[in-house]
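> I have a structure I would like to understand better, so I am pasting it below and will then ask my questions one at a time.
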Amino acid sequence: MTSAVNKTPEIVRSVDQMQQRCLALREAGKRIAFVPTMGWLHEGHLSLLREGRRRGDVLVLSIFVNPTQFGAGEDFDNYPRDLDRDAALAATAGADLIFAPVASDMYPRGYATYVDVEGLTEVLCGASRPGHFRGVTTVVTKLFTIVQPHVALFGQKDFQQLAVIRRMTVDLNLPVEVVGMPIVREADGLAMSSRNVYLSAEQRRQALVLSRALVMAREMAAQGQIAADAVIAELTQLIAAMPDARIDYLQICHQRTLQQQATVDPDSVLLLAVFIGQTRLIDNGFLLDSAPSQG
Ligand code: PAF
C-alpha cells in the first residue's frame, strides 16, 4: 500500500470488499487510521486526514451521507455531494483508500439493528434532532466493523458527537482509539462546516455571531463573570441582534456529562446551535484557559 501524497486514493464501494481489504491490511500488520465523513470535504476534514496520515500506515476515509442520522424535513437530499472533488482533496492529505458505500449496501432490506447511547444523547442536538445520534452511533459502529481501524479521528466541532462516540467505544469495548481534533476556523472565526455552503453572503456575515458569542463568553469568564445565567443572557442578546438568527440551544455544560452548569469552571464548555435562515450551525468552546483538552 503506497501512501504518497497526491496519489489519487482508490475508491471502494462494496461493504464486503472493504471489509476484506481491511482485514488483509490488519493481517499484514498495517496500522489503519480512519476518518469517517459525509463528504464535501473542507480544511477541518483535511486536518483530521493529515493527523491520520501521521498515526497510521494506511489512511482510510469514508464518505457516506448517512440517511439514518437525518430527520424528516432535514437536509439529507440537499447535502452537498461530489466524490471526484472529495477524492482530489483527500489525495492532497495522503488518503490511501476511500470507502464510499451506497445506502442499500449499508442498510439492506430487512436491516433491523441500531446502537443507542443513553443519557448523553438526550440533550442539546439530541433534544432538537430526535434519532440523530442513534443514526450516528449505528453508522459509526458499522464503519468501525467494516474498516476495523486502530485509530479513528473526529472533529471537536461536533463536541457532543465526539463525547457520544467515546462513550460508545468504551461501553462496547471497541478496539479503536478515538482521537478528537481541534475546530478549524475560517480567518474570520466561522467554524468550518460542509453546511456553510448553504449560506448567502449576508447570512455568512451573520453566521459570525456564533464565534463572536464564544469570544464574548470567554471574555466574561476571564473577567470573573462565572454565573452561567448572566453569560447566557448577554449572548442571547448578541445573537438576537442578527435578523436571520434563531437560537436552537445555547448552554454552558460540563464537558463530559454534558449536563448544564450554573457556574463556569474549567470543565465548562459553551455549546450553541443557531439557525441562520434555514441553515443550522453549531459551535463550541471551553470558557476558561485552564480547561483540560478533550482530545
Ligand atoms: O460527523 C459526521 O460527518 C458524521 O456524523 C459521521 C461521524 C461521519 C457519521 O455519519
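The values are calculated or read from the model by the stated rules, or taken from the named source; none is laboratory data. For clarity, every value in this text was computed on a predicted model and none was experimentally measured. Backbone-built Cβ (ideal geometry, glycine too); neighbour counts: all protein chains shown. Note: areas computed on protein heavy atoms with side chains; ligands, DNA, RNA excluded. Shrake-Rupley method; radii C 1.70, N 1.55, O 1.52, S 1.80 Å.
> Report the one residue of 58, 133, 285 whose Cα lies farthest in the direction of the positive end of the charge dipole of the chain (charges on C-beta: Lys and Arg +1, Asp and Glu -1; origin at the Cα centre).
58
> If you don't mind, there's one more thing I want to ask. How much of the DSSP bridge set in the chain is antiparallel, in percent, rounded to the nearest 5? Provide the component values of the computation, followed by the final result.
Numbers: 20 of 39 bridges.
Bridges in the chain are about 50 percent antiparallel.
> Angle, helix 15-27 long axis vs. longest principal axis of the chain, Cα atoms, 0 to 90°, nearest 10?
Approximately 80 degrees, to the nearest ten.
> Remind me, what semi-axes does the stretch 63-116 give for its equivalent ellipsoid, largest first in whole Å, using sqrt of 5 times each Cα gyration tensor eigenvalue? Before the final figure, lay out each step's value.
On the way: eigenvalues 126, 47, 19 Å².
Equivalent ellipsoid semi-axes, largest first: 25, 15, 10 Å.
> Dipole of the chain, Cα-centred, from +1 at each Lys and Arg C-beta and -1 at each Asp and Glu C-beta, to the nearest 20 debye?
On the way: 28 positive and 32 negative charges, 134 e Å.
The calculated dipole for the chain is roughly 640 debye.
> Mind checking which lysines have their C-alpha under 18 Å from residue 30, skipping anything on the same chain fewer than 8 residues away?
Hits, sequence-local ones excluded: zero.
> When the Cα atoms of the stretch 1-93 are enclosed in a convex hull and the volume is divided per residue, what value in Å³ results? Walk me through the intermediate numbers first.
Values: hull volume 9.7 nm³, N = 93.
Expressed per residue, the convex hull around the Cα atoms of the stretch 1-93 is 104 Å³.
> Now, a different point. Please list 3J(HN,Hα) in residue order for the stretch 195-209, calculated via the Karplus relation 6.51 cos²θ - 1.76 cosθ + 1.60 where θ = phi - 60°; whole Hz, with x for glycine and proline.
7, 4, 5, 6, 7, 6, 4, 5, 5, 4, 5, 5, 5, 5, 4
> Restrict the search to the stretch 231-295; then list the trypsin sites (Lys or Arg not before Pro) that DSSP places in a loop and that have at most 16 other Cβ atoms within 10 Å of their Cβ.
Answer in residue order: 256.
> In square nanometres, what is the average projected area of the Cα convex hull of the stretch 142-295?
Numbers: hull surface 39.4 nm².
Its Cα hull, projected and averaged over all orientations, spans 9.9 nm².
> Using only C-alpha positions, report the orientation-averaged shadow area of the convex hull of the chain, nm², one decimal. Numbers along the way, then the final one.
Working: hull surface 61.0 nm².
Approximately 15.2 nm², given one-decimal rounding.
> Can you tell which of 29, 39, 73 shows the greatest fluctuation in a Gaussian network model of the chain with Cα springs below 10 Å?
Most flexible of the set in this elastic network: 73.
> With loop defined by DSSP as not H, G, I, E or B, and exposure as at most 12 other Cβ atoms within 10 Å, which is the longest segment of the chain clear of exposed GluC sites (Glu not before Pro)? Working shown, then result.
On the way: sites that count: 118, 122.
Counting only loop sites that pass the neighbour cut-off, the longest clear stretch is 123-295.
> If you stretched the chain out fully between residue 171 and residue 7, how much longer would it get, using 0.36 nm times the residue separation minus the C-alpha to C-alpha distance? Can you show the working numbers first?
Values: separation 164, 0.36 × 164 = 59.04 nm, distance 3.76 nm.
Gain on stretching residue 171 to residue 7: 55.3 nm.
> Accessible area per residue for the chain in Å², computed with a 1.4 Å probe and the full protein assembly in place, what is it? Numbers along the way, then the final one.
On the way: 13200 Å² over 295 residues.
Here the per-residue accessible area is 45 Å².
> Treating the beta-carbon of each Lys and Arg as +1 and of each Asp and Glu as -1, no other charges, what is the dipole magnitude of the stretch 58-129 about its Cα centre, to the nearest 20 debye? Intermediate values should be presented prior to the final figure.
Numbers: 4 positive and 11 negative charges, 21 e Å.
Here the stretch 58-129 has a charge dipole of around 100 debye.
> Would you mind checking the tilt of helix 83-92 against the longest principal axis of the Cα atoms of the chain, expressed as 0 to 90 degrees and rounded to 10?
90
> If I fit a long axis through the Cα atoms of helix 43-55 and take the longest principal axis of the Cα atoms of the chain, what angle between them do I get, 0 to 90°, rounded to 10?
Approximately 50 degrees, to the nearest 10.
> Continuing with this model, one more query. Give me a comma-separated list of calculated 3J(HN,Hα) values for the stretch 239-245, in order, Karplus coefficients 6.51, -1.76, 1.60 applied at θ = phi - 60°, integers in Hz, x for any Gly or Pro.
6, 5, 6, 8, x, 9, 9
> Check residue 34: other-chain or 5+ apart residues with amide H under 5 Å from its amide H, H built from backbone geometry?
When sequence neighbours closer than 5 places are left aside, the close amide H contacts are 60, 151, 152, 153.
> Points 7 angstrom from Cα along the Cβ direction at residue 78 and residue 246: gap in nanometres?
1.3
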